[in-house]
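See below for the structure under consideration.
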Amino acid sequence: WFKVFPKNKGLNGKKTAQLFVYGNHDVEAYTWGGTIKSVGKETAEAQGIGKRPAEAWKQCFKEDYQPIWMKTIKGYHFIGAHWHDQNNIPGFSEFLDKHDAELTADGKPFFYIQHPHPKDTCNCAWAWGRDDGTVTKLLSKYPNAIAFSGHSHSPLDDERNLWQGSFTSIGTSSLKYLYPMPARENTYQDDWGAKPPSQMPKMDPSDGRQGMLMRVYDNAITFERREFVYDEPVGDAWVLPWPISREEPLSFENRAKTAAIPHFPADAKAYVTTGTGKDRYGTEQEQVTVHFPSVLKKNAGVRAFDYEVQVEYDWLDVQHIASTKRVFSPKCYLGEEKDTGEVICVYGASELPKDFAYRFAIRPCNCFGGKGKPLYTDLVKQPNRK
């Protein structure tokens with residue numbers, strides 16, 4: 001920090017505020033098996049921040065440690081709550097009561113920072129890393145609260161990083177590595193012990209470094225979503241009118257009504273290839289790979305969030321869906337200039353109809369469930385299939 005901002009000053013000499021909080025890795029990593037294996041239990045115990053949070057904070061940032069702090073910058077209040085555990089922040093209710101008059105005096109937004117997502121707000125019930133809901137209840141009485149959190153490492157191309165209800169909650173992604181949403185054929189699956197079927201290896205988003213530039217105006221707040229490896233936007237800037245609308249907040253439901261539906265360009269084509277390969281767990285079998293182009297803002301008006309790929313076959317007068325998968329484009333978490341290559345989705349022979357010819361239907365999707373018109377492959381006919 002002080003190499004970049006000596007004496008807490010930027011290149012222009014202006015004072016730069018430290019708006020940091022501890023996360024779970026900072027406080028708890030000294031107890032983890034990987035840490036102990038790497039440096040030894042004695043060193044982990046001696047150097048672990050969790051054993052001495054106040055001492056470490058003072059050593060690193062030259063200021064006193066407070067479990068919950070508040071700083072005021074140009075008339076705007078910022079509150080930070082350090083990691084205690086994933087459930088809640090002890091003393092937060094009392095802290096809000098103490099500062100209630102300051103936080104509600106002029107209608108200005110105030111900004112609250114914690115590591116885990118407040119439950120049932122940004123990223124809702126899908127991304128891992130939510131607290132127990134106590135903070136959500138406490139902030140619900142403050143329509144001028146804007147909460148920042150980031151435990152899930154969810155990429156900022158996912159519009160669900162922004163939630164608005166009785167207050168505003170924003171997922172800040174991560175400056176280190178990213179976790180695109182699980183349940184896709186090519187993503188990390190966070191159900192730990194389970195091994196869901198997957199013909200594709202998980203993508204490696206370790207080159208993802210994301211964050212936002214926030215600008216606060218009297219009548220609006222904007223968030224410019226950026227990735228910092230290639231210095232590109234990962235989506236259009238979010239614009240929050242201020243004050244928020246209590247009747248029509250920027251909730252998932254309200255934004256889904258107006259969210260653009262992605263469609264393939266008119267000249268898009270999809271095709272299949274076959275071969276022998278291994279699934280994610282090393283089982284070898286025949287595989288069929290579906291190839292199709294990325295749907296981007298520059299070629300289709302809006303970028304797809306992910307893609308639905310279905311296997312269709314006809315049996316007499318009935319069309320059947322044999323299988324449905326969702327897949328991300330290879331560089332979905334970067335700016336679209338780095339995601340112009342084709343997208344693939346792999347099926348194992350065991351997942352395909354054995355007695356019927358079939359085709360693949362591919363639909364680009366937005367993150368709210370909206371789906372574009374399908375792009376079809378040619379019919380796949382093989383021996384012993386009608």
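Coordinate-derived values only; no laboratory data. Given the structure is predicted, the values throughout are model-derived calculations rather than measurements. Glycine also receives a Cβ, built like all others from the backbone with ideal geometry; neighbour counts cover every protein chain displayed.
Could you work out how far apart the two model spin labels at Val229 and Phe5 are, taking each label as a point 7 Å from the Cα in the direction of the beta carbon, and quote it in nm?
About 2.6 nm separates the two model spin labels.
Return the whole-Å distance between the Cα centroid of the stretch 55-111 and the Cα centroid of the stretch 327-377.
Taking the Cα centre of the stretch 327-377 as reference, the centre of the stretch 55-111 is 44 Å away.
With a 10 Å cut-off between alpha carbons and a GNM built on the chain, which of Arg303, Arg215, Arg160 moves the most?
Comparing Arg303, Arg215, Arg160 in a Gaussian network model of the chain, the most mobile one is Arg215.
Quick one: angle between helix 92-104 and the longest Cα principal axis of the chain, in degrees between 0 and 90, rounded to 10, please.
The helix 92-104 is inclined about 80 degrees to the chain.
Mind checking which lysines have their Cα closer than 20 Å to the Cα of Lys195? Skip sequence neighbours fewer than 8 apart in that chain.
Qualifying lysines at Cα under 20 Å: Lys278, Lys325.
Checking the a/c ratio against 1.5 first, then a/b against b/c, what shape does the Cα gyration tensor give for the stretch 6-204?
Oblate shape, in that a/c is at least 1.5 and b/c is the bigger or equal ratio.
Can you give the Kirkwood hydrodynamic radius for the chain, in Å, rounded to one decimal and based on Cα pairs?
Working: mean 1/r = 0.0427 Å⁻¹.
Across the chain, the inverse of the average 1/r is 23.4 Å.
Using a 10 angstrom cutoff on alpha carbons, build the Gaussian network for the chain and name the most mobile of His84, His25, His263.
Among His84, His25, His263, the largest GNM mean-square fluctuation belongs to His25.
Using a basic spin-label model with each label point 7 Å from the Cα along Cα→Cβ, how many nm lie between Ala322 and Glu337?
4.2 nm
Taking the Cα centre as origin and putting +1 on Lys and Arg beta-carbons and -1 on Asp and Glu beta-carbons, what dipole magnitude results for the chain, to the nearest 20 debye?
Taking the Cα centre of the chain as origin, the dipole is about 680 debye.
When the chain is modelled as a GNM with alpha-carbon springs shorter than 10 Å, which of Cys60, Cys365, Cys122 fluctuates the most?
Cys60
Between Lys354 and Ala101, what length comes free when the chain is fully extended (0.36 nm per residue of separation minus the Cα-Cα distance, one decimal in nm)?
84.2 nm
What are the aspartates and glutamates whose alpha-carbon lies under 18 Å from the alpha-carbon of Lys269, with same-chain residues fewer than 8 places away excluded?
Partners within reach: Asp306, Glu308, Glu312, Asp339, Glu342, Asp378.
Here are some pairs, Lys15/Lys74; Lys9/Lys51; Lys119/Lys331; which of them have Cα atoms lying more than 23 Å apart in this structure?
Lys9/Lys51; Lys119/Lys331
Place +1 on the Cβ of every Lys and Arg and -1 on the Cβ of every Asp and Glu in the chain, take the dipole about the Cα centre, and give the residue among Tyr347, Pro6, Asn219 whose Cα lies farthest towards its positive end.
Pro6
Explain nothing, just the number: dipole magnitude of the stretch 271-376 about its Cα centre with +1 on each Lys and Arg Cβ and -1 on each Asp and Glu Cβ, in debye rounded to the nearest 20. Kindly include the intermediate steps, with their values, before the conclusion.
Values: 14 positive and 14 negative charges, 101 e Å.
With only Lys, Arg, Asp and Glu charged at Cβ, the dipole is about 480 debye.
Within the stretch 338-357, whose backbone N sits under 19 Å from a point 7 Å along Cα→Cβ of Tyr281?
Within reach of a label on Tyr281, which here means backbone N under 19 Å from a point 7 Å along Cα→Cβ, the stretch 338-357 contributes 346-352.
Go through Lys98/Lys141; Lys3/Lys62; Lys14/Lys98 and tell me which ones have a Cα-Cα distance over 21 Å in this structure.
Listed pairs above 21 Å: Lys14/Lys98.
Once each part is reduced to its C-alpha centroid, what is the distance from the stretch 212-227 to the stretch 286-301 in angstrom?
What the calculation gives is 31 Å, centre to centre.
Of Val311, Gly301, Cys365, which is farthest along the charge dipole of the stretch 271-376 in the positive direction, counting Lys and Arg as +1 and Asp and Glu as -1 at C-beta?
Farthest along the dipole direction, towards plus: Gly301.
Sorted from largest down, what three extents in whole angstroms do the Cα atoms of the stretch 1-88 have along their principal axes?
That works out to 45, 31, 18 Å along the principal axes.
Under a crude label model (7 Å from the Cα following the beta-carbon direction), how far is Lys37 from Ala260 in nanometres?
With each label placed 7 Å out from Cα toward Cβ, I get 4.6 nm.
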